[in-house]
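Each reported figure results from applying straightforward, stated rules to the coordinates on display, with no laboratory input. Source: prediction; values computed, not measured. Here the Cβ is made from the backbone with ideal geometry for all residues, glycine too, and neighbour counts use every protein chain on show.
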Amino acid sequence: MTARMTKDAILEALRGGLIVSCQADAGSPTDDPQILAAFAQCAVAAGAVAIRANYGRNITAIAKVVQVPIIGIKKRNVPPWPVYITPELADAEEVVQAGATIVAADATHRPRPVPFARLVQAIQQDLGALVMADCATLEDGLAAAEAGADLVATTMSGYTEDTAHLRTGPDLDLVAALAQRLDRPVICEGRIHHPDEARAALEAGAFAVVVGTAITSPTWIARQFVDALSHGRRTHSLPFPRSKEAPEGSP
């Protein structure tokens, strides 16, 4: 972004809107800063209010072409700790220097290299950025708010040992529970694959909604069609009809 926004301005920009996560798996054909920046441009052109992005190099490319808030993360394994989304202050520094105005970090109750409250304080005071807490449970969200997080998200629901059974659709129950208990924005993120699910998240109490795979993963999107057609081939009892113009015996 060209100018630093105030906290109130950032939150107002997010209110009721779509945040698009522009990320790519390592080795994917789309794992390229310029491609991810193009995804971000398309998302903003469609009306997205913010972008979520991974790694400084990608955030730098995206910040050059969009004028909306960027939620920055850095996914990095730090053995033996299980948390991997922005686990340490150096990771937060990288994404803020690249152009992120919000830093998202794992806020689950799992063991971590740096206490979450200390990370929040350093990001806010030393880096001048907001903090979004990526949570898995209501308890995570309450603790994150107590630690001072500016926003609380459902990102990790379904991705921790005690929530692994929640892998179908967004965790709307968690959204509602957090919205009822917290005095700060609740962001719904995770497994939103259809516009109706995004709308349902707002109706459950979400302040804004993050969608990634269903918008910015061409492989996943194509696979939905391939799987549907494969199912159709298996269930059809008759061959596909031949064109009337094709003579008998034609390939």
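For the reader, a short list of remarks on this structure follows.
- Cβ-derived FRET efficiency at R0 22 Å, residue 84 paired with residue 213, nearest 0.05: 0.80
- In degrees, nearest ten, helix 116-126 long axis to first principal axis of the chain (Cα): 80
- Helix 172-181 axis versus longest C-alpha principal axis of the chain: approximately 20°, rounded to the nearest ten.
- In this simple spin-label approximation, residue 110 and residue 7 carry label points 7 Å from Cα along the Cα→Cβ vector, and these lie 2.9 nm apart.
- Helix 33-46 axis versus longest C-alpha principal axis of the chain: approximately 90°, rounded to the nearest ten.
- Computing Cα Rg over 2.2 N^0.38 Å for the structure here picks out one of [x] 0.99; [y] 1.14; [z] 1.09, namely [y].
- Contact order, relative form, for the chain: 15 percent (alpha carbon pairs under 8 Å, 6 or more residues apart, mean separation divided by residue count).
- For residue 142 and residue 30, a Förster radius of 41 Å and the Cβ-Cβ distance give a FRET efficiency of 0.65, rounded to the nearest 0.05.
- Theoretical gain in end-to-end length, residue 227 to residue 42 [0.36 nm per residue, Cα-Cα removed]: 64.0 nm
- In terms of surrounding Cβ atoms within a 10 Å radius of their Cβ, 210, 152, 96 rank from fewest to most as 96, 210, 152.
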